[in-house]
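Structure record follows, encoded as structure tokens.
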């Protein structure tokens, strides 16, 4: 069982991710934006962070940068429906910043769980 | 006749004074009004005593009156004993038998007086007895004969004076009349000369031989000679022979005809050489006995009038010939009085035909009542002229758009004068301009759609992720029905959100429609911010604020246009901030007076919704601030923008009777402030009311080529109580209706199907049964505009996917139409 922090501004998606991960036997903590996620991350230990990128207040790229500044070894999966927005490809940027993996919404839960297991066992 | 007016009173008085000094007798003449014309030798007893004491004086007056009364009745002498004891005598003076005055004598006794009576009187009235008795002793005692002869003498004398006086007066009056007559004649003559000389016309009188008898001053100027020099001469002495012959000829013509003869003639004034056109009338003149005196001539200078007349006639010729349309019609009956060539040519009517018509007859889009309402400001004097547009109909039935410039000309009857401009060309130009503008705006909108697409994709993918996740969870937990239901419900919600998103972008990209509805501004703002959040870089912080009063504020607006405005301003703001900063959006309500509203806007005072869009960007240079709302003004490169954004924003805001204000500080930021009039309480509609599920039992044919959707439609409608037949073939559906046209009360069809499309099916069905209600379901609303669909006989168009509530309502709406 791993401790997973899920950060996404979409309530219903947070709920889906929580259920899928819990069904796989993990402990899931939810946050609705980068600020709240960062607070939880500094207070508690997590084995994995799954974060959305486009969010109000503190968006995902900044959140990833700050987490990795504190604990560079943190395993992060970036998820986004934004794809190509303007000149920047957010998911690629997230990976460049240090996210181990990225998933473009919508993604199958199998892919997510497979990714999660792969990261946790590495 | 007054005695004093016909007699020299002074002469008569002097005579009486002599008589008194000779005889000691008192005299007086009193006219019929009681005036004492003169009195001589009055006794002291009367003047110093009887007429000095109030009581005895009263007796004197009573005695005078009584005596006068008696004289009136008596022809001859009246003897009377006065109330103070003396004798008075009176005789009437008559002139030509008319009683004009009375002659009095008296203050004497006919018998020696009773001393005791007078002593008693002195005591009674407090007179100095000695002085009184001394005065009494002076009163003469006369014999009756002496009195009678004296009276006769005076009576004659007075009459004689009167008659002499009267004769003299008559003579004087006669002289006076003669003098007055002569003065009157002189004055009349003077007045006549003055009159003749004041008249600005030439006036002259010639005898039958053409010799001048008289003329006035103006005529003197014509000949350059004084009247005295003209009289006695003829025209031949002053002017050339030819003109003199002409005058003579007309003189003779008037005399021969025995009636006035008129002609126009040019003459040259001898005094200053100016020429004038005269209208001359020559009249034969006769004396009272009928003999011919000669010819009286009057010549009027009509040079100026003639000139003015020529100008007017030239002007009316120009008006008549003008190719602009000019109409005159009776302000009461509205019947045409005059219509110029330009109007007749365009209308194709002759003037005679038009005179049978009214101004309403050629205005097919206007009733008489509407016309009267329109021209009311002219009739009641509020306006001097009015301009309105309508259509005119030609004789051949064709119509053309016109701009009418109308004014009223007072008179009997008052007339309307209309100048009509055929604005066909202008209308066409206007139409072209509007189309071009629409095209440009649409192009701009599509640019914005491109910007929005990124945000759309993000939102859409989020929803798809939710749907996919929930579906997979449902599949995994298919043995637990309640969990499956929960996940499916979540799918449904996410699905509807996606549908709404698509609808929103379609609405936004659709060609403009101007329908405005009461909307809650906050909803549109929040929705737009949601859409934008995914579009704008996350380095831009959204700061959204709303005051409590603005939370339920409603405005009359087109939601998609309002959204367009907000997206415009927000994307501009983000651009100005270079992708980093704070985008502030705030809603507030406030009261604005007319003075708070910039002059160039016609907005009225009242309650307004204020929407502020603020950025912390580069700001706008002061020299650009005035130009930012101009179409095509842009600081972006050509591939980045059209420059239509802010022009569109302002145009939309103005269409909503609002206005826009902008403040900017370079390198600090810009605020765009929008103001929209708030809806008043009575205009507010309850927004977001409950949508009830409506049921029914009619028979419905449901057509969709997707088997699953056909089945779903059937299930949903059956749930609502309807009797449903579902088919996946549009051709089969057409056959079913052909066989039994009344087997169904309603047809619901998909648009995109093999065989017949929804619209093609609808066209065929309507041919079979014109009143069959048809609902068309389509996935892409802009392909089929509702109006076009209605032309094919389709009652309602709706967007897929439909919820049960929406389906139930749209079906009921069809049945209730």
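The values are calculated or read from the model by the stated rules, or taken from the named source; none is laboratory data. The structure displayed is predicted, hence computed values, not measured ones. Note: ideal-geometry Cβ built from the backbone for every residue, glycine included; neighbour counts use all protein chains shown.
See the values below:
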quantity	calculated
When residues of the range A:95-108 are limited to those that are within 14 Å of another protein chain (Cβ to nearest Cβ) and at pLDDT 90 or above, the one farthest from residue A:1 (Cα to Cα)	A:97
Residue in the range B:680-693 that is modelled with pLDDT of 85 or more, assigned to a loop (DSSP other than H, G, I, E, B) and touching a helix residue (DSSP H, G or I) at 6+ places or on another chain (Cβ under 9 Å) present	no
Conditions (1) more than 23 Å from residue B:319 (Cα to Cα); (2) part of a loop (DSSP other than H, G, I, E, B): number failed by residue B:372	(2)
Options B:406, B:378: the member that is outside any strand (DSSP E or B) and touching a residue at least 24 places away in the same chain (Cβ under 8 Å)	B:378
Meets criteria (under 19 Å from residue B:148 (Cβ atoms) and in a loop (DSSP other than H, G, I, E, B)) for residue B:88	no
Only one of B:638, B:642 that is under 30 Å from residue B:439 (Cβ atoms), modelled with pLDDT under 80 and surrounded by fewer than 16 Cβ atoms within 10 Å (Cβ to Cβ)	B:638
Only listed residue being modelled with pLDDT under 75, surrounded by 15 or more Cβ atoms within 10 Å (Cβ to Cβ) and within 13 Å of chain A (Cβ to nearest Cβ), chosen from B:531, B:495, B:490, B:506	B:531
Enumeration of residues in the range B:1-40 that are within 20 Å of residue B:143 (Cα to Cα), modelled with pLDDT under 85 and in a loop (DSSP other than H, G, I, E, B)	B:24, B:25
Residue B:127 closer than 24 Å to residue B:141 by Cβ, part of a strand (DSSP E or B) and touching a residue at least 40 places away in the same chain (Cβ under 8 Å)	no
Candidate set from the range A:23-49 (those that are within 12 Å of another protein chain (Cβ to nearest Cβ) and more than 23 Å from residue B:584 (Cα to Cα)); member that is surrounded by the most Cβ atoms within 10 Å (Cβ to Cβ)	A:24
Options B:104, B:49: the member that is buried (at least 22 other Cβ atoms within 10 Å of the Cβ) and either assigned to a helix (DSSP H, G or I) or under 60 Å from the mean Cα position of the chain (by Cα) (or both)	B:49
Residues of the range B:594-635 satisfying the condition of being assigned to a loop (DSSP other than H, G, I, E, B), out of contact with any helix residue (DSSP H, G or I) (no Cβ under 6 Å at 6 or more places or on another chain) and modelled with pLDDT of 85 or more	B:616, B:619, B:620
The range B:331-345: number of residues that are in contact with a strand residue (DSSP E or B) (Cβ under 6 Å, 6 or more places away or on another chain) and either loosely packed, with under 15 Cβ neighbours inside 10 Å or in contact (Cβ under 8 Å) with a residue 40 or more places away in the chain (or both)	4
Complete set of residues in the range B:107-124 that are within 22 Å of residue B:70 (Cα to Cα) and in a loop (DSSP other than H, G, I, E, B)	B:110
Matching entry among B:778, B:757 (being more than 55 Å from the chain's Cα centre (by Cα) and at pLDDT 85 or above)	B:757
The lone exception for residue A:60 - which of (1) touching a residue at least 24 places away in the same chain (Cβ under 8 Å); (2) more than 14 Å from chain B (Cβ to nearest Cβ) it fails	(2)
Top-ranked residue of the range B:198-228 - restricted to ones that are more than 17 Å from residue B:300 (Cβ to Cβ) and touching a helix residue (DSSP H, G or I) at 6+ places or on another chain (Cβ under 8 Å), ranked as surrounded by the most Cβ atoms within 10 Å (Cβ to Cβ)	B:206
Qualifying positions in the range B:736-754 - over 20 Å from residue B:711 (Cβ atoms) and within 60 Å of the chain's Cα centre (by Cα)	B:745
Evaluation of residue A:35 against (1) part of a helix (DSSP H, G or I); (2) in contact with a strand residue (DSSP E or B) (Cβ under 9 Å, 6 or more places away or on another chain) (one fails), failing number	(2)
Which numbered condition residue B:271 fails, given (1) assigned to a strand (DSSP E or B); (2) touching a helix residue (DSSP H, G or I) at 6+ places or on another chain (Cβ under 6 Å)	(1)
Out of A:55, A:84, sole residue that is surrounded by 18 or more Cβ atoms within 10 Å (Cβ to Cβ), within 14 Å of chain B (Cβ to nearest Cβ), more than 22 Å from residue A:2 (Cβ to Cβ) and at pLDDT below 90	A:55
Qualifying residue in the range B:453-473 (condition: more than 8 Å from chain A (Cβ to nearest Cβ), modelled with pLDDT of 90 or more and surrounded by fewer than 21 Cβ atoms within 10 Å (Cβ to Cβ))	yes
Test: residue B:733 is under 25 Å from residue B:495 (Cα atoms), over 60 Å from the mean Cα position of the chain (by Cα), assigned to a helix (DSSP H, G or I) and modelled with pLDDT of 85 or more	no
Looking only at the range B:538-597, and only at residues there that are more than 14 Å from chain A (Cβ to nearest Cβ) and free of Cβ contacts under 8 Å to residues at least 12 places away in the same chain, the one that is nearest to residue B:458 (Cα to Cα)	B:548
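Quick grid of which residues meet (1) farther than 20 Å from residue B:695 by Cβ; (2) free of Cβ contacts under 8 Å to residues at least 60 places away in the same chain:
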| site | (1), (2) |
| --- | --- |
| B:723 | no, yes |
| B:727 | yes, yes |
| B:735 | yes, yes |
| B:762 | yes, yes |
| B:768 | yes, yes |
| B:774 | yes, yes |
| B:789 | yes, yes |
| B:807 | no, no |
| B:811 | no, no |
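Rundown of residues vs (1) part of a strand (DSSP E or B); (2) under 22 Å from residue B:542 (Cα atoms); (3) in contact with a helix residue (DSSP H, G or I) (Cβ under 9 Å, 6 or more places away or on another chain), yes/no style:
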site	(1), (2), (3)
A:15	no, no, yes
A:55	no, yes, yes
A:62	no, yes, yes
A:77	yes, no, yes
A:92	no, no, no
A:102	yes, no, yes
A:110	no, no, yes
A:117	no, no, no
